[in-house]
Ligand SMILES: Cc1cc2nc3c(=O)[nH]c(=O)nc-3n(C[C@H](O)[C@H](O)[C@H](O)COP(=O)(O)O)c2cc1C
């Protein structure tokens, strides 16, 4: 069983603002984050698990401002639109909204794009999962939600070709899962695939590649389908999904890429199907 983070210890390691990373250089900040100077996202991967019953408490102002700061930066570097909604769970709470799947929701992140824009959905998946892991490291619980919410109850302004195509609930939850949560977890969480079932290679894969796959194994995906295949051929790393236009597939793709990258210790993905991953050079810890 995965443990939840100790709130106080996790808080001390929380990222305290871009200024604290020595400037606004996003790459430097990212490597500091991966290295664990600010918080350990690999640890967050180990303890994260989708939660569906929240206590109804608001998240602390500190956590809100950290999340908002990340959202601002990710929106800029990723050319995406994410928005944190605070103290307004109307879109989720109540049987008619989410078939009673979620309760106690107050705070959530809207992921906004054109419904048919899979390239943007992939980036929303990638950066949204970084937010999930950052929230986890701050002692918060979370759940990706692909459709079971009332869009008209979300207080966001949308332009004509935009909609909230996915959401991430963040909030506090009890240490132990409720009976109902366990039940839903059992239904939505089929047996995890082994890393070997999600990779293709023409030679033995290096250890760092396997560490990436182990992080992928722990990534959330819609109905836990784990659809992303990773390839190691001629020493090159790439990833693909069979049909990027299938519902929520691009999100699963971006999420799995974020986990792989963190598991390997850092690197850079190209966006899109069959895209390549370039591993961060050994010894380059982002300090120039
Ligand atoms: C894009 C996406 C959409 C999801 N949509 C829902 C949803 O609508 N309702 C729900 O209860 N869980 C949803 N989930 C959570 C998955 O069911 C969950 O990640 C999966 O079962 C693996 O469990 P874990 O996250 O606890 O490891 C979604 C996950 C992802 C990545």
**Item:** residue 161 more than 21 Å from the chain's Cα centre (by Cα) and either in the same structural domain as residue 62 (by TED's automatic domain parsing) or part of a helix (DSSP H, G or I) (or both)
**Value:** yes
In the set 95, 54, the lone residue that is under 21 Å from residue 188 (Cβ atoms) and either in contact with a strand residue (DSSP E or B) (Cβ under 9 Å, 6 or more places away or on another chain) or modelled with pLDDT of 95 or more (or both) is 54
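Just to be sure, is residue 31 at pLDDT below 95, within 16 Å of the ligand (Cβ to nearest atom) and either farther than 30 Å from residue 184 by Cβ or surrounded by fewer than 19 Cβ atoms within 10 Å (Cβ to Cβ) (or both)? So that I can check it myself, show each step before the final result.
Numbers: at pLDDT below 95: yes; within 16 Å of the ligand (Cβ to nearest atom): no; either farther than 30 Å from residue 184 by Cβ or surrounded by fewer than 19 Cβ atoms within 10 Å (Cβ to Cβ) (or both): yes.
Taking the combined requirement at face value, the residue does not satisfy it.
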So, first residue under 16 Å from residue 223 (Cα atoms) in the range 184-207, second residue part of a loop (DSSP other than H, G, I, E, B) and within 16 Å of the ligand (Cβ to nearest atom), Cβ within less than 6 Å, six or more apart or across chains; the pairs are 184/52; 193/226
Within the range 83-140, the residues that are within 21 Å of residue 45 (Cα to Cα) and part of a loop (DSSP other than H, G, I, E, B) are 138, 139, 140
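The values are calculated or read from the model by the stated rules, or taken from the named source; none is laboratory data. In this text the structure is predicted, and so the values were computed from the model without any measurement. Methodologically, a virtual Cβ is constructed for each residue, glycine included, from the backbone with ideal geometry; neighbour enumeration extends over all protein chains shown.
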